[in-house]
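Input: a single structure, listed below in structure tokens.
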Amino acid sequence: MKCDGKKKYEADDLACERLQETVEPLVEWFRENQRDLPWRKHVNAYRVWISEIMLQQTRVEAVKSYYTRFLEELPDIKALAEVPEDRLLKLWEGLGYYNRARNLKAAAQQVMEEYNGVFPDTFEEIKKLKGIGSYTAGAISSFVYHQQKPAVDGNVFRVVTRILEDSDDIMKASTRTKIERMLEQVIPAEAPGDFNQGLIELGAIVCLPNGEPRCESCPIREFCLAYQDECQMDYPVKKKAKERRIEKRTILRFCDNEEIAIRKRPGKGLLAGLYEFPNVEGHLTQKEVIEYAKESGLTPVRVKKLPKAKHIFSHVEWQMKGYEVIVDELERELDQKIWSEQVIFAEKEELEKKYPMPSAFAAYQL
Ligand code: ADE
């Protein structure tokens, strides 16, 4: 839909009328067809908040078990505000985007200090909390406090841009604001949460992104312009993100019979504060690894090549080679000066239970 000047205003009005038609059937469909998900039981702000943050950039199926474990260990805001960072990151290990977890704790501390431990109940107050943007504030305030506020995530962008054949770039803030403003006008006072969740759920299980959308099961297809014109796959329009930088790294497992060397990453930047195996830039040969080990004060007894692995972050891709360097007595031999960060000698069980390690290293955890 082309939108400019006065025409845009008229076009938005028509778009709102079209969206208005979807409200009743969508709410009814959601009430009858919603999936049975752990965060939809015993709804409260804390539970919705944790689930929505976990669901950002992570699939529902992957989130379920993390969510259940997290809620068991940290059942309320106070527990989250007080959890030690390493424990928090261990509960988050594998979910990625670890700042999401740190922000959760910071926001819980904010709620304890500024709101006496009671989660705020308006969109504006909720949005002031660390790590909460307009989507999450909209989700909590509409699902839990029945405010008529939109919650626009990737699912909702897809559903709405298809209904309206809206070809504005969804990466632009102005497109988000426009869609939020239109939805705000049609969110029903008696069911804001079910309407918003209906849009999200429809995007998740019917109005699918790749492959064929399941239009034959869609309760609002008669109002969908893209369905009528058979151009569902043209929406949403999303400008290509910048290409990822490729980084070659060599991962090193320095170990003896009992322990393995790990270190804590710096507090800022990629995978901040998590633990890792020592690693260096570039792809080292076996000979170079032996030299590196010797410079570190080690006498390798055996050096074993490990499989190659790849890990994709949002802006960078690691292409990894790995080696296991076995020595007699790790702690005695290792000259810590070679690494700027402190080396930790971890026992196998500690590696599993105590130190949060990002899944980028999963191939080398053995
Ligand atoms: N994706 C994002 N939020 C969701 C939710 N509340 N339920 C299901 N899928 C989602």
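Values in this text are rule-based calculations from the coordinates and carry no lab data. None of the values given here were measured: they were computed from a predicted structure. Neighbour counts are summed over all protein chains in view; Cβ atoms, including those assigned to glycine, are modelled from backbone coordinates with ideal geometry.
How large are Rg and Dmax for the stretch 65-153 when only the alpha carbon atoms are used, in Å?
Cα only, the stretch 65-153: 13.2, 38 Å (Rg, Dmax).
Which three numbers, in whole Å and largest first, are the semi-axes of the equivalent ellipsoid of the stretch 86-233 derived from its Cα gyration tensor as √(5λ)?
32, 19, 13
Under 16 Å from the Cα of K353, which aspartates and glutamates turn up, not counting those fewer than eight places away in the same chain?
E73, E85, D86, E93, E258, E259, E276
Hey, in the GNM for the chain with a 10 angstrom Cα cutoff, which one of A191, A11, A79 fluctuates hardest?
Among A191, A11, A79, the largest GNM mean-square fluctuation belongs to A11.
How about the stretch 226-288: which chymotrypsin sites (Phe, Trp or Tyr not before Pro) there are in a DSSP loop, with at most 16 other Cβ atoms within 10 Å of their Cβ?
Qualifying residues, ordered by number: none.
Roughly how large, in nm² to one decimal, is the mean projection of the convex hull of the alpha-carbon atoms in the chain?
Convex hull of Cα atoms, orientation-averaged projection: 20.9 nm².
Non-local amide H neighbours of V237 (under 5 Å, H modeled in plane, Pro and chain starts lacking H): which ones?
I170
Enumerate the amide H contacts of L306 below 5 Å, restricted to partners 5 or more residues apart or on another chain; note that Pro and chain-start residues carry no placed amide H.
G322, Y323, E324
With Kirkwood's inverse mean 1/r over C-alpha pairs for Rh, give me the Rg to Rh ratio of the stretch 255-325, two decimals please.
0.98
Longer than 26 Å from Cα to Cα, which of K64/K354; K105/K264; K90/K242 are they? Say none if no pair is.
K90/K242
Which lysines, if any, have their Cα less than 22 Å from the Cα of K304, not counting same-chain residues under 8 positions apart?
K248, K287, K294, K321, K348
Considering the options V152, I326, P75, tell which one lies farthest towards the positive end of the dipole of the chain, charges being +1 on Lys and Arg and -1 on Asp and Glu at the Cβ, about the Cα centre.
So the residue furthest toward the plus end is I326.
What ³J(HN,Hα) values, in whole Hz, does the Karplus curve 6.51 cos²θ - 1.76 cosθ + 1.60 give for the stretch 112-120 when θ = phi - 60°, with x put for Gly and Pro?
Values, residue by residue: 5, 7, 8, 10, 6, x, 9, 4, x Hz.
Could you give the size of the charge dipole of the stretch 232-344 about its Cα centre, using +1 on the Cβ of each K and R and -1 on the Cβ of each D and E, expressed in debye and rounded to the nearest 20?
In debye, rounded to 20, the stretch 232-344 gives about 900.
Taking amide H atoms as placed 1.01 Å from N in the peptide plane, list the residues 5 or more away in sequence, or in a different chain, whose amide H sits under 5 Å from that of F254.
Residues meeting the amide H criterion: A261, V325.
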